Ligand code: ADP
Ligand code: ASP
Ligand code: MG
């Protein structure tokens, strides 16, 4: 058994569905469970509709839903065989009927609660997975649909739910595994349900995580993440073109890169895979012949110290300074308690005796956090910063890397630097306006000569 996950662009149209049917068909002998994301940008559009409803623009919200219905009817209609058109129409009728009711409920409540947020987003994957399952037979691939909510059991942290692993694995073994023995199975990523059946989601980009959970639950031989790039590249292609394909990378390096912005993989994806030691492969659904990136449990020997450079834009640096707190214990605890209370993750931290600087990328509660911290210290907030993170497991044994970094970007102001606790990353904070220039210089420094075994 293998798990094959296809992201939003890989299922964005009837043509894309035909392409992936070809790919899945060529793996039929390995008994695939297929996990799909919502079609194209559907999740963003559903959320925009929910926000409009919450702001009282219910007509605009319903118009957005109508456009999404037309999009799914057009692409779905072109993808499914003639005999399934009736089923497709019934599916669109019930799903969009329910979505409209939900949007009206949001308008009435005047806010999108976390539970309603999950309910609204879930239609993306519910629709895409049902449509793909209907479409596959037209291209010669017999397939059945599996509602992810019947197997992926989560806690009730709406918007960022975590799987209840033993129940979930049991359901995959009992329900999904026998189905996969019979035909290809198609399931939506990103969504799950609590033990009481309330719909939840695993956080943005969470379909990769669903695929890994499914893989672990089935004891799959391999988890394939099919996307719109050739694999893990040496830099983020949205920041700098010309990156090289990293053919082999360890789980730990991949997790570090994902955490620091390499969106090609959701950061939680590798956890279930590590636990069950299942290799993960990143592949391009538009160029299936490319070998992609293989992520494995063992460190991969490489003469390049750095394997890839990840970036996170729109980072805010919060600096907290207190002379009163000089030498006082408990200062850091009090600071972190504030971020914790507002559920705002902190990525990087650097301290001196009287001050602490840290970075956050979620600013939803920033003004509350600032107000609370101001009671105990002087606070400054610096928006529009970026984190650059160089990752490679050889970094831990290599001296002189910091020197190479500093000389490569000597004309860029580095606001924070940290050698990650894992010892395999060096992270820097620079002004957002310097990001491209800095990544370009670092990429030239570390990737001009390439180890042919890895790149
Ligand atoms: P999917 O919809 O298939 O899940 P995503 O958009 O979530 O696709 O992830 C793929 C994207 O990740 C690429 O198009 C690319 O822009 C981005 N990305 C960021 N960093 C990297 C990297 N180091 N290597 C490859 N892609 C990256
Ligand atoms: N559709 C979800 C999102 O856009 C999950 C995913 O694509 O992985 O975040
Ligand atoms: Mg993704």
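Only the coordinates and a few stated rules stand behind these numbers; no lab work does. Being a predicted model, the structure only gives us computed values, none of them experimental. For neighbour counting, all protein chains shown are included, and Cβ atoms are generated from backbone atoms with ideal geometry for every residue, glycine included.
First measure r as the distance between the Cβ atoms of residue 328 and residue 423, then evaluate 1/(1 + (r/R0)^6) with R0 = 45 Å and state the FRET efficiency to the nearest 0.05. If you can, show how the numbers build up before the last one.
On the way: r = 30 Å, r/R0 = 0.67.
For R0 = 45 Å, the calculated efficiency reads 0.90.
Only alpha carbons enter this Debye calculation for the stretch 33-117, each as an equal point scatterer, and the log10 of I(q)/I(0) it gives at q = 0.23, 0.25 Å⁻¹ is -1.09, -1.20. At a Förster distance of 30 Å, what's the computed FRET efficiency of residue 73 paired with residue 241, Cβ-Cβ distance as r, to 0.05? Efficiency for this residue pair is about 0.25.
Looking at the stretch 219-338 alone, DSSP beta bridges between its own residues are antiparallel in about 30 percent of cases. Compared with the alpha-carbon gap, the fully stretched path from residue 114 to residue 287 is longer by 58.5 nm at 0.36 nm per residue.
Starting from the exponent 0.38 and prefactor 2.2 Å, build the expected Rg for the stretch 164-295 from its residue count and divide its actual Cα Rg by it. Let's see the in-between values first.
Details: Rg = 15.3 Å, N = 132, 2.2 N^0.38 = 14.1 Å.
Its radius of gyration relative to the 2.2 N^0.38 Å reference: 1.09.
If you take the Cα atoms of the stretch 231-390, find Rg, then find the Kirkwood Rh from the mean of 1/r over all pairs, what is Rg/Rh? Mind showing how you got there, number by number?
On the way: Rg = 19.3 Å, Rh = 17.9 Å.
Rounded to two decimals, Rg/Rh equals 1.08.
Over the stretch 332-429, what portion of Cα pair distances is larger than 19 Å, expressed as a whole percent?
Summing the P(r) tail past 19 Å for the stretch 332-429 gives 50 percent.
Normalising the average separation of contacting C-alpha pairs (under 8 angstrom, six or more residues apart) by the number of residues puts the relative contact order of the chain at 14 percent. Here, the chain is characterised by an Rg to Rh ratio of 0.99, where Rg is the alpha-carbon radius of gyration and Rh the Kirkwood radius. Figure legend: label point modelled 7 angstrom from the Cα of residue 368 along Cα→Cβ; residues of the stretch 328-357 with amide N under 19 Å from it are 334-347. A straight line joining the Cα centroids of the stretch 256-272 and the stretch 387-455 runs 19 Å. For the stretch 118-197, just say rounded, prolate or oblate: build the C-alpha gyration tensor, square-root its eigenvalues into a ≥ b ≥ c, call rounded for a/c under 1.5, and beyond that prolate if a/b exceeds b/c, oblate if not. Since a/c reaches 1.5 but b/c is at least a/b, the shape of the stretch 118-197 is classed as oblate.
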